[in-house]
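A.B. asks: So that we are looking at the same thing, I have put the structure below in structure tokens.
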Amino acid sequence: MMPFVVGIRFRPAGKIYYFDPGELELPVGTRVVVETVRGTEIGMVVVPGREVPEEQVTQPLKKVIRVVTPDDLEKQKENREKAQEALAVARQKVQDRGLDMKLVDAEYTLDRSRVVIYFTADGRVDFRELVRDLASTLRSRVELRQIGVRDEAKILGGIGPCGRQLCCASFLSEFYPVSIRMAKEQNLSLNPAKISGVCGRLLCCLRFESELARTPDALTGEREESEESLDEEQVAFEEGPEGGTGQEDVSSGPVEKESAQAERPPRAELPGCDGTGDCLRCTSSDSCPKDSRESETGGGCEPR
């Protein structure tokens, strides 16, 4: 039997985690209190209750504790203020110790049993003494978590070179590999300044737009086939059942259609025609490599 779960997200555009709703009815948009490995936290239901395969669930499956109360929301607001204070204290201590790390954000769990501080660094940083110092100052368990520059952009948010909100901060819940080949497939400039995001890495949109860039190949093939069929229909209409033209030559005067077609010289002998087919219209459309058509003026070929 597959477990019945709800999907909960803790940050905007963050990863979705599954929890057991128990007997609670939790429609999408409901804010709930759940127990995580870090402690009690507030999240929002983004996936309604449903059964999922066992392999998609991380065991042990934790239960939703309750729907949030006004006291929970007030406490969450206070925690956000305290987190900014803790971040300021941590930044000062990092500066005092001369550590090569950049603090990005901090957050408390709902019960304030733990404060998580996110930072970026070029390499590994020995912050054991810093953790002990912060724990004694903040009187709480401190967890320093190193993240990448893409995660930093996701947390801080911002506006991309396209003028819209960053994809990672608005709807991308996970990061996927992006390669320069994806930019080549879309015929984009390979200038790093043109295809890099605010994080300094390749634009995330190169990946999902690369999948769309492959689609026009198939569409182009269908369009070429449809154009060929239209050309054949137009040839049949213009030539008529006997191979003669279905349109009168406006420059030939009151001449019968069959005689006008018979008197007209071959395509390569028309004035101004070099026989290459590089013209606007041509009398011999069957042999023209560029599928040209008869000149509307009847006076030979016109350059494109």
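The values are calculated or read from the model by the stated rules, or taken from the named source; none is laboratory data. Since we're looking at a predicted model, the values are computed, not measured. Every residue, glycine as well, gets a Cβ built from its backbone with ideal geometry; the counts of neighbours run over all protein chains shown. To get the accessible areas, we keep the full protein, side chains included, count just its heavy atoms, and leave off ligands, DNA and RNA. Shrake-Rupley method; radii C 1.70, N 1.55, O 1.52, S 1.80 Å.
A.B. asks: Suppose we filter 125, 116 for residues that are touching an Asp or Glu at 6+ places or on another chain (Cβ under 9 Å), open to solvent by less than 80 Å² (accessible area, probe 1.4 Å) and part of a strand (DSSP E or B); which single one remains?
C.D. replies: Of the residues listed, the single one that is touching an Asp or Glu at 6+ places or on another chain (Cβ under 9 Å), open to solvent by less than 80 Å² (accessible area, probe 1.4 Å) and part of a strand (DSSP E or B) is 116.
A.B. asks: Which condition number in (1) under 18 Å from residue 18 (Cα atoms); (2) not in a helix (DSSP H, G or I) is the one that residue 55 fails?
C.D. replies: (2)
A.B. asks: Quick one: residue 99 ticks every box in (1) free of Cβ contacts under 8 Å to residues at least 60 places away in the same chain; (2) loosely packed, with under 15 Cβ neighbours inside 10 Å except a single one, so which number is it?
C.D. replies: Every condition holds for residue 99 apart from (2).
A.B. asks: Identify all residues within the range 130-175 that are assigned to a strand (DSSP E or B) and open to solvent by 70 Å² or more (accessible area, probe 1.4 Å); write none if there are none.
C.D. replies: Listed by number, the residues that qualify are 141, 145, 146, 159, 165.
A.B. asks: Hey, another quick one. Given the conditions (1) surrounded by fewer than 18 Cβ atoms within 10 Å (Cβ to Cβ); (2) touching a Ser or Thr at 6+ places or on another chain (Cβ under 9 Å), and given that residue 25 satisfies all but one, which numbered condition is not satisfied?
C.D. replies: Among (1) surrounded by fewer than 18 Cβ atoms within 10 Å (Cβ to Cβ); (2) touching a Ser or Thr at 6+ places or on another chain (Cβ under 9 Å), the lone unmet condition for residue 25 is (2).
A.B. asks: Condition first: of a type in the set (Val, Ile, Thr) and in a loop (DSSP other than H, G, I, E, B). Can you find one or more residues in the range 22-36 that meet it?
C.D. replies: Taking the range 22-36 as the starting set, the residues that turn out to be of a type in the set (Val, Ile, Thr) are 28, 30, 32-34, 36.
If we keep only those that are in a loop (DSSP other than H, G, I, E, B) too, we end up with 28, 30.
The answer is yes, given that some residue of the range 22-36 is of a type in the set (Val, Ile, Thr) and in a loop (DSSP other than H, G, I, E, B).
A.B. asks: Do we find a residue being over 24 Å from residue 157 (Cα atoms) and buried (at least 16 other Cβ atoms within 10 Å of the Cβ) anywhere in the range 73-87?
C.D. replies: yes
A.B. asks: Within the range 93-150, how many residues are among the hydrophobic types (A, V, I, L, M, F, W, C) and within 27 Å of residue 172 (Cα to Cα)?
C.D. replies: So the count comes out to 13.
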